[in-house]
Each structure stands twice: as C-alpha cells, then as structure tokens.
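Trainee: Structure below; questions to follow.
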Amino acid sequence: MYLSQIASPNDVKALDRRELPVLCQELRQAILESSAAVGGHVGPNLGVVELSVALHRVFSSPHDKIIFDVSHQSYAHKALTGRAQAFIDPARYLEVSGFSNPLESEHDLFAMGHTSTSIGLALGMAKARDLAGDSHDVVAVIGDGSLSGGLAFEGLDNAAACGCGLIIIVNDNDQSIAENHGGLYRNLAELRATNGTASNNLFVAMGLDYRYLEAGNDVLTLVDALEELRGCDHPVVLHIHTLKGMGFAPAEQDPEAWHHVGPFDLVTGEKRACTASAGPDYAELTATYLLPQMERDRSVVAITAATPYIMGFTPERRALAGDQFIDVGIAEEHAVTLSAGLAAAGAKPVLGVYGTFLQRAYDELWHDLCLNASPATILVFGSSVFGTTDQTHLGYFDISMLGNMPDLRYLAPVGPEDYLVMLDWSISQKDRPVAIRVPVLNDPASCKLPIAASYDEPAYQTVRQGSDIAVLALGDFFGMGERLADEIERRAGFSVTLVNPRFVTELDKPYLTDLARSHRLVVTLEDGVLEGGWGEKVARYLGPLGVRVRCHGVHIGFPDRYDPQELLAENGMTVDEMAADALELLTLSD
C-alpha cells in the first residue's frame, strides 16, 4: 500500500510516475472508508483526489504555497502531508479537522472553511513573496461553487491588475452544494463544451492568462499541465473539469445529497439513521409552511445562498416554487442585499441561511437591510453551541452581531409552534427587517407556552410567577432555564419567576422595571457569546435599578471540535453550578 508509506509530499515525488494512479485509488478508498465511519464532505473530496496528488507531485509544499478553497476539498491533501493515518486507521479517524488548519500541519496555511477566499489569500502571499525577492510558486485552488462569492471576483480582478506570478486552479465540477446558478456558471459550461475555446471567456476578459484541461480526474495529464505552469511569472487560470463524487456511484449520481453526509454503508450507500433524539424538523416545517404561502401569494419569495436543504426545499419543491425560489450560489452578501431590494419593491422575501455564513454579510445587513428598513425575513439556522463545532463554522456569534443592528427585530422561538407564528407575522408585517433564530435543540419546554399573535412590540412572557429570583431564558435555552428554576426552588424552598423573553434585539423595559421592584436577582441564559450578547443588555438596563444580574453564556473564543456539554460546563453552565451561583449571589444581596 503506497498511502501508508506517505509521510510527506517528498514521498509522492519519489514514486514512479506509473504508481500515481494506484495512489489515487488508495486515497479514494481511504476517504470513502473513513467518511463512511464518521461522516464528512464526500463529494467534494472524491473529485479532487487526482488534483491533490498532482499538486504535491509537481510543487514542493510548504516551500511552494498551496491554498485550498473551500478547504473541505483538502482530505487528500491532508493525507499526503503527514496525516494519512487519520484516513487509514479507524482509531484515528477523528484526529484531523475536516478543514484546513495550521495547528495540524505547516502545509495548511490558513484556518478556513468559508468560500471564495483562496484567490485573495494567495495573491497576498504572492505579493509578499515578490517584495521579499523570493521565487516560490503560489497556487490557489478554488471551485465547488465558490467562484460565485464576491471575494472571488474581487480576487480575480485584483490578480489581473497586480501581475504577480500566481496559479489559480478552477476546479469545475458543475456543482456548488446544490446545482450551480448564475451567468458565471453558464460561461464555465460554454468553456467546457468548447474545450476552453469559447470566445466568451470571463477569465480572459478580466485580463488573465487561461488554460483548459478536460481530463481533470486524470492524474498524469494533470501532472503534465502543472509542470508547464511551475515558475509562471504572471497570473494564470487553469480551468479543469472534474466529477464531484468521482469513483462512488451514489455521490456521482446525486452530488447534492452527498456534498456532506453522516456515516453510511460503504457497500450500499445507505445512510445510517441519526442517533439524535427525535424532535421537530424545522427544515420540513419551513418548506411546508412557505410553499402554500407562495402558491397563494406571488410576492412571497424564498432565497438561499446554495443551501436550499436547510429550508426543506428539495429539488422537487424547488421545481414547484419555480421563479419564487432563488438560489444565488455561495454569495451571502448578495442574498441579503437582494432581499432588501425585493422587500423595497413590495415582495416578501424569506432568506434561509446558516448563522456562520450570515456573519459574512455584516455590512449588507447593516447598510442595505437595516438602514433602509426593508421588511425582509431572515431565518437563521444552526446558531447554537449545539450547532457545528468546527472552529471554522462556529455559528453562535449571531446574537452579539444581530443584536446590535439598528431597527432589526430578532426573535427567538422556543419551539415549532411559536416559530411558525413568528414566521407568519414577519412575512405579513411591513415595518422592519425581522430575523428569526430557528431552534436547534430538541429540548421542548415541559410546559405548554401560550403563543403571541403579534410581535409588533417587545413583550416578555411570564411562564410562572415567583419572587426574589427571576430566570430569563432565551430561545433554545428556555428548557435549561426551566430546569434551573426547578433546581433553585428545590434548594431554596421558594418559587422562582420563569420568563420567556422571545425578543433578542430589544428589551421589554416596562417588564424589566417591574421585575426589579419585586426581585433581588435576575439570571439570564442565552445560547451564544456573553460579550456583547443579550444578557449584557439586560444587565445594563437593570444595573441602575438596584437588582443583581447574573448572565450566563459562552465566552468569546475559537473552540475547535468541542463537546457542547463540556463547553457549557467550562463556562459554568450546568444546572447545579448555576443554581449554586444564584443562591450565593442572593445571599450576598441581603
């Protein structure tokens, strides 16, 4: 087995040329076996096996700089740079991140998981190289839909103007996470159909040298093409045609479903049942609510930035929605600005986006959406410490980010019933942009909460009335707040007030003022970062009113592949510790 003997890229160079296809077969099998066991980005990584081998055959990493965009295309690269055992040895399958990580290896130049950044990063490294008088190659690997992001266009434009020696490899697999959309991809299709000779060529029009290679999954042809580019003294694009999911029939036939998967049966391709507890499927709830609305009202438009599945829009449902469903590709910034324009013209846009990707659109949220009071709806998915745990995809910074957007109303439902009511209200109102923090936890409160019919004004909800201590638990963490209130009551022997705040961005000031008159301690819980979060807003308001406030959340940082319960415990967020803390603070207030 060649792969088990690969300790560094030098070992790839030492192989006989005829052995490279065998190494590719071994890599593909290792990626499939490890992904079948623990899950992973199957389709993207299978498509770039040959490219990864060719890159390390021709270039000399880390002296030459290779930057993968998106870095979920880097499994084979990792295996060829001293981390093969993480894909061969089942005991070590979870040893490496699914994304580029400099803490793992000097061959990973940046921690990255979001798209469209490789050209700008590579251009910066090429410029620094030239200023220092060095002579190594810099290679940016982009593709798998990431060309649609604005940063990629900006990088291409600047690369042509800079004139630095830079190799840009466009991995064209005719896919994003779902199917590609946009004029750029029509041009790529033209170039594929003409073997790169179409007169309409985006890259040439931008002033870049251009080469096309149809055989993007032929390792020996790739080696020859890259050898011709080594030492290039100007920016050049090598456009290669690859097959997403190459070598695994289920992924080749359905690349959208196999972009990223959990564990599966390697022989049958059957995906293993999720072991998580049963609970509401918010993707399904969203689609089954929106489709009838879209049928009744042509102004209702669903928008995604290449992740239609988070709103439950399967290919069949996208076909039913027709032109009322818009996939802008991996371009969250444009998705937000498009939503603002639609809303300003009288449409009712509903944008579904992961919180970790919404962070990319900060300026557009502030300047285009909020400044213009555009009544668009943004559904924020996956924002929780129980969401994605890789440091490149942390999504629980949304409260501190959106909580400081002027005139944005951010709502935090506890369960599916109030989620749907909030969504219905948001679509019908015309006053402001509204975001809804879609629940992640399948932890419904034990009590049945009454549902508000309107969210026109901030209004907190008393779930049960007590004295001395009030627990305000926001959204996903309401169930934890309820357990905390129960534990304090058990220990202290008196009733605790339990509150469902529902509003993230705005305070119910009259309610808080009344609370301060009858309570000595207010405890807040939020599923996000403390610094700049919702609890700090509550504390700032209550501070002058003479009531103690204890805020619970997670401190700012970049934890990587953490256990959520352990992270909460590290931040003092176990029910036992929070109850003890609350009673100690109550004693201090006497």
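Trainee: Go through region 65-84 and count every residue that is assigned to a helix (DSSP H, G or I) and either of a type in the set (Lys, Arg) or in contact (Cβ under 8 Å) with a residue 40 or more places away in the chain (or both). Working first, answer last.
Mentor: Our first condition is that a residue be assigned to a helix (DSSP H, G or I); within region 65-84, this holds for 71-73, 75-83.
From what's left, either of a type in the set (Lys, Arg) or in contact (Cβ under 8 Å) with a residue 40 or more places away in the chain (or both): 71-73, 75-76, 78-83.
Counting residues in region 65-84 that are assigned to a helix (DSSP H, G or I) and either of a type in the set (Lys, Arg) or in contact (Cβ under 8 Å) with a residue 40 or more places away in the chain (or both) gives 11.
Trainee: I need a count of the residues in region 234-263 that are in contact with a Lys or Arg (Cβ under 9 Å, 6 or more places away or on another chain), crowded, with 20+ Cβ neighbours inside 10 Å and over 30 Å from residue 164 (Cα atoms).
Mentor: Summing the residues that are in contact with a Lys or Arg (Cβ under 9 Å, 6 or more places away or on another chain), crowded, with 20+ Cβ neighbours inside 10 Å and over 30 Å from residue 164 (Cα atoms) in region 234-263 gives 6.
Trainee: Can you name the condition, by its number, that residue 102 falls short on among (1) in contact with a Phe, Trp or Tyr (Cβ under 8 Å, 6 or more places away or on another chain); (2) in contact (Cβ under 8 Å) with a residue 24 or more places away in the chain; (3) closer than 20 Å to residue 125 by Cβ?
Mentor: The single condition residue 102 does not satisfy is (2).
Trainee: Then there is this: Name, by its number, the condition in (1) farther than 13 Å from residue 87 by Cβ; (2) among the hydrophobic types (A, V, I, L, M, F, W, C); (3) surrounded by fewer than 22 Cβ atoms within 10 Å (Cβ to Cβ) that does not hold for residue 37.
Mentor: Checking residue 37 against (1) farther than 13 Å from residue 87 by Cβ; (2) among the hydrophobic types (A, V, I, L, M, F, W, C); (3) surrounded by fewer than 22 Cβ atoms within 10 Å (Cβ to Cβ), the one that fails is (1).
Trainee: Of everything in region 9-32, what is in contact with a Ser or Thr (Cβ under 8 Å, 6 or more places away or on another chain) and within 21 Å of residue 93 (Cβ to Cβ)? Give them in sequence order.
Mentor: Scanning region 9-32 gives a single hit, 27.
Trainee: Please determine whether any residue of region 559-581 is under 23 Å from residue 435 (Cα atoms), outside any loop (DSSP other than H, G, I, E, B) and outside the structural domain of residue 413 (by TED's automatic domain parsing). If you could, list the steps in order and put the result at the bottom.
Mentor: To start, the set of residues in region 559-581 that are under 23 Å from residue 435 (Cα atoms) comprises none.
No, because not a single residue in region 559-581 is under 23 Å from residue 435 (Cα atoms), outside any loop (DSSP other than H, G, I, E, B) and outside the structural domain of residue 413 (by TED's automatic domain parsing).
Trainee: From 448, 430, grab the single residue that is assigned to a loop (DSSP other than H, G, I, E, B), out of contact with any helix residue (DSSP H, G or I) (no Cβ under 6 Å at 6 or more places or on another chain) and without any contact (Cβ under 8 Å) to a residue 24 or more places away in the chain.
Mentor: Working: 430 fails: without any contact (Cβ under 8 Å) to a residue 24 or more places away in the chain.
None of the others qualify; the one that does is 448.
Trainee: I would also like to ask the following. Within the bounds of region 129-152, is there any residue that is under 31 Å from the mean Cα position of the chain (by Cα) and among the basic types (Lys, Arg)? Break it down stepwise before answering.
Mentor: Here is the first cut: in region 129-152, the ones under 31 Å from the mean Cα position of the chain (by Cα) are 137-152.
Still in the running and among the basic types (Lys, Arg): none.
Checking region 129-152: not a single residue is under 31 Å from the mean Cα position of the chain (by Cα) and among the basic types (Lys, Arg).
Trainee: With the structure loaded, tell me whether residue 327 is assigned by TED's automatic domain parsing to the domain that holds residue 401, of a type in the set (Asp, Glu) and surrounded by fewer than 22 Cβ atoms within 10 Å (Cβ to Cβ) or whether it fails that test.
Mentor: On the way: assigned by TED's automatic domain parsing to the domain that holds residue 401: yes; of a type in the set (Asp, Glu): yes; surrounded by fewer than 22 Cβ atoms within 10 Å (Cβ to Cβ): no.
Spelling it out, it is not the case that residue 327 is assigned by TED's automatic domain parsing to the domain that holds residue 401, of a type in the set (Asp, Glu) and surrounded by fewer than 22 Cβ atoms within 10 Å (Cβ to Cβ).
Trainee: In region 370-398, what count of residues is obtained for those that are among the aliphatic types (A, V, I, L, M) and without any contact (Cβ under 8 Å) to a residue 40 or more places away in the chain?
Mentor: First, the residues of region 370-398 that are among the aliphatic types (A, V, I, L, M): 371, 373, 376, 378-380, 385, 394.
From what is left, the residues that are without any contact (Cβ under 8 Å) to a residue 40 or more places away in the chain are 371.
Matching residues across region 370-398 total 1.
Trainee: Another question about this same structure. Inspect all residues belonging to region 126-142 and state whether any of them is crowded, with 24+ Cβ neighbours inside 10 Å and within 18 Å of residue 357 (Cβ to Cβ).
Mentor: Within region 126-142, one or more residues are crowded, with 24+ Cβ neighbours inside 10 Å and within 18 Å of residue 357 (Cβ to Cβ).
Trainee: Sticking with this structure for a sec: Taking the conditions exactly as written (assigned to a helix (DSSP H, G or I), under 31 Å from the mean Cα position of the chain (by Cα) and outside the structural domain of residue 303 (by TED's automatic domain parsing)), does residue 217 satisfy them or not? Full working, then the answer.
Mentor: Working: assigned to a helix (DSSP H, G or I): no; under 31 Å from the mean Cα position of the chain (by Cα): yes; outside the structural domain of residue 303 (by TED's automatic domain parsing): yes.
Answer is no for this residue.
Trainee: Of the residues 438, 471, 434, which is crowded, with 18+ Cβ neighbours inside 10 Å and either more than 30 Å from residue 299 (Cα to Cα) or of a type in the set (Phe, Trp, Tyr) (or both)? Lay out the reasoning, then the answer.
Mentor: Working: 438 fails: either more than 30 Å from residue 299 (Cα to Cα) or of a type in the set (Phe, Trp, Tyr) (or both); 434 fails: either more than 30 Å from residue 299 (Cα to Cα) or of a type in the set (Phe, Trp, Tyr) (or both).
471 is the lone residue from the list that is crowded, with 18+ Cβ neighbours inside 10 Å and either more than 30 Å from residue 299 (Cα to Cα) or of a type in the set (Phe, Trp, Tyr) (or both).
Trainee: Looking for whichever is small (Gly, Ala, Ser), in contact with a Lys or Arg (Cβ under 6 Å, 6 or more places away or on another chain) and not assigned by TED's automatic domain parsing to the domain that holds residue 366 here; the options are 533, 475, 546. Which one fits? Show your work before the answer.
Mentor: Values: 533 fails: in contact with a Lys or Arg (Cβ under 6 Å, 6 or more places away or on another chain); 546 fails: in contact with a Lys or Arg (Cβ under 6 Å, 6 or more places away or on another chain).
Of 533, 475, 546, the one residue that is small (Gly, Ala, Ser), in contact with a Lys or Arg (Cβ under 6 Å, 6 or more places away or on another chain) and not assigned by TED's automatic domain parsing to the domain that holds residue 366 is 475.
Trainee: Right, another one. Considering each of 147, 226, 166 in turn, give the residue that is within 30 Å of residue 24 (Cα to Cα), buried (at least 21 other Cβ atoms within 10 Å of the Cβ) and either at pLDDT below 95 or not assigned by TED's automatic domain parsing to the domain that holds residue 66 (or both).
Mentor: Numbers: 226 fails: either at pLDDT below 95 or not assigned by TED's automatic domain parsing to the domain that holds residue 66 (or both); 166 fails: either at pLDDT below 95 or not assigned by TED's automatic domain parsing to the domain that holds residue 66 (or both).
Selected residue: 147, the only one of 147, 226, 166 that is within 30 Å of residue 24 (Cα to Cα), buried (at least 21 other Cβ atoms within 10 Å of the Cβ) and either at pLDDT below 95 or not assigned by TED's automatic domain parsing to the domain that holds residue 66 (or both).
Trainee: May I ask you to list the residues in region 14-30 that are acidic (Asp, Glu) and assigned to a helix (DSSP H, G or I)? I'd like the intermediate steps shown before the answer.
Mentor: Going residue by residue through region 14-30, those that are acidic (Asp, Glu) are 16, 19, 26.
19, 26, listed by residue number.
Trainee: Against the condition modelled with pLDDT of 95 or more, buried (at least 18 other Cβ atoms within 10 Å of the Cβ) and in a loop (DSSP other than H, G, I, E, B), how does residue 107 come out, does it pass?
Mentor: For residue 107, the condition - modelled with pLDDT of 95 or more, buried (at least 18 other Cβ atoms within 10 Å of the Cβ) and in a loop (DSSP other than H, G, I, E, B) - is met.
Trainee: Please go through region 120-151 and give me each residue that is part of a helix (DSSP H, G or I), within 19 Å of residue 334 (Cβ to Cβ) and touching a residue at least 60 places away in the same chain (Cβ under 8 Å), ordered by number.
Mentor: The first filter runs over region 120-151 and keeps only residues part of a helix (DSSP H, G or I), leaving 120-132, 146-148, 150-151.
When the remaining residues are screened for being within 19 Å of residue 334 (Cβ to Cβ), the result is 120, 146-148, 150-151.
Of everything in region 120-151, those that are part of a helix (DSSP H, G or I), within 19 Å of residue 334 (Cβ to Cβ) and touching a residue at least 60 places away in the same chain (Cβ under 8 Å) turn out to be 146, 148, 150.
Trainee: Of the residues 521, 567, 545, 530, only one is in contact (Cβ under 8 Å) with a residue 24 or more places away in the chain and farther than 24 Å from residue 483 by Cβ; which?
Mentor: Values: 521 fails: farther than 24 Å from residue 483 by Cβ; 567 fails: farther than 24 Å from residue 483 by Cβ; 530 fails: farther than 24 Å from residue 483 by Cβ.
Checking each option against the conditions leaves just 545.
Table: residues versus (1) surrounded by fewer than 24 Cβ atoms within 10 Å (Cβ to Cβ); (2) within 15 Å of residue 529 (Cβ to Cβ).
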site	(1), (2)
359	yes, yes
364	yes, no
371	yes, no
376	no, no
386	yes, yes
399	no, yes
417	yes, no
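Trainee: Under 9 Å between Cβ atoms, at least 6 apart or on separate chains: pull out the pairs that start in region 206-231 with a residue that is within 14 Å of residue 191 (Cα to Cα) and touching a residue at least 24 places away in the same chain (Cβ under 8 Å) and end on any residue that is among the aromatic types (Phe, Trp, Tyr) and not in a loop (DSSP other than H, G, I, E, B).
Mentor: Final answer for the pair search is 210/203.
Trainee: Answer yes or no: is there a residue in region 275-289 that is modelled with pLDDT of 90 or more, small (Gly, Ala, Ser) and in contact with an Asp or Glu (Cβ under 9 Å, 6 or more places away or on another chain).
Mentor: Kept after step one, since they are modelled with pLDDT of 90 or more, are these residues of region 275-289: 281-289.
Then keep just the ones that are small (Gly, Ala, Ser); that gives 283, 287.
Pick out the ones that are also in contact with an Asp or Glu (Cβ under 9 Å, 6 or more places away or on another chain) and you get none.
Scanning region 275-289 turns up no residue that is modelled with pLDDT of 90 or more, small (Gly, Ala, Ser) and in contact with an Asp or Glu (Cβ under 9 Å, 6 or more places away or on another chain).
The values are calculated or read from the model by the stated rules, or taken from the named source; none is laboratory data. Quick caveat, the model's predicted, so the values are computed rather than measured. No Cβ is skipped: glycine too gets one built from the backbone with ideal geometry, and neighbour counts run over all protein chains shown.
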